[in-house]
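The values are calculated or read from the model by the stated rules, or taken from the named source; none is laboratory data. Just so it is clear, the model here is predicted, and its values are computed rather than measured. Glycine gets a Cβ as well: all are built from the backbone with ideal geometry, and neighbour counts include every protein chain shown. Ligands, DNA and RNA are stripped out before the accessible areas are found, and what is left, the full protein with its side chains, is counted by its heavy atoms. Shrake-Rupley method; radii C 1.70, N 1.55, O 1.52, S 1.80 Å.
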Amino acid sequence: MTALRKTPVALTSGANLFAIRAERASDVVAREALLDACFGANRHQRTCQRLRDGRAPAEGLALSAVRQGLLSRIRSSHCLPQDRERTSNSIGTAEDSKCACGGCFGNSPEESCREGVGNFRNATRLVGTVRLWHVSAGGVPALVLGPLAVDPSCRKLGIGRALVQRALAAAKARGHGAVLLLGDAPYYTRFGFSALKTGELRLPGPFEPDRLLALELREGALEGAYGMIVPAGMAAWPQRKPRFAARSRKLAPRAA
């Protein structure tokens with residue numbers, strides 16, 4: 001009987017190691033941990049968060065990037081001061097944020113991730129997220145993009161760029177006319193964003209005007225846009241109570 005030969009597995013870098021898909025309910029815990037790791041605990045106090053609180057993302061425009069295939073142990077980097085992360089759409093370098101693997105999987109940064117220790121095995125984990133939300137830009141229907149976050153250990157794979165491109169393509173296909181965001185102009189100009197149509201718009205809180213950017217998916221979509229940007233999306237669904245709690249009430253003895 002011929003002996004089986006062990007073929008070494010070589011890891012490749014690039015887009016074949018991640019996939020972008022619609023966000024799933026099972027992504028919630030990992031997504032929140034990733035956002036906390038990238039933007040800090042004070043992320044809920046940011047101006048753009050006021051456009052998202054209590055609202056659901058635009059239908060079909062909440063995307064997740066997952067890394068898949070044969071993965072090795074992922075090492076975390078150290079977090080620098082929070083003022084390095086200025087907005088929820090600022091993608092820093094690997095040194096700017098703590099790796100999200102510990103937060104996502106309940107491990108400390110010093111511990112190894114569940115993908116494997118010293119060996120390789122099939123695994124899938126959330127490494128990026130982006131959402132778009134309905135807003136009214138001075139009475140003009142639009143979307144706001146954010147937060148956009150990528151696991152610092154995967155920052156050089158083009159995940160952020162792929163997430164933005166996929167989100168914009170999906171928004172255009174669904175007939176939306178314009179997308180707004182608060183972020184770094186040098187990064188977002190590559191997608192067509194600029195401040196040319198946002199000079200008369202305001203956000204419900206402190207912001208830097210030169211960082212309020214817009215992209216028209218349909219020519220003239222932001223003509224006449226003037227004033228405050230306010231949330232316009234549907235209310236988020238309330239969290240359901242655990243089934244066992246309802247069952248407990250049924251089984252509880254009733255007073256005579």
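A few points about this structure:
- Extension reserve of the residue 19-residue 156 stretch, reckoned as 0.36 nm per residue once the Cα distance is removed: 47.9 nm
- Here the extension length gained between residue 208 and residue 173 equals 9.6 nm, from 0.36 nm per residue of separation less the Cα-Cα distance.
- Accessible-area ranking of 156, 197, 172, largest first, probe 1.4 Å: 156, 172, 197
- In this label model, residue 44 and residue 219 are separated by 4.5 nm, measuring between points 7 Å along each Cα→Cβ vector.
- Amide hydrogen neighbours beyond the local backbone of residue 68, cut-off 5 Å, H modeled: 18, 19
- Solvent-accessible area of residue 29 with every protein chain in place, 1.4 Å probe, in Å² to the nearest 10: 110
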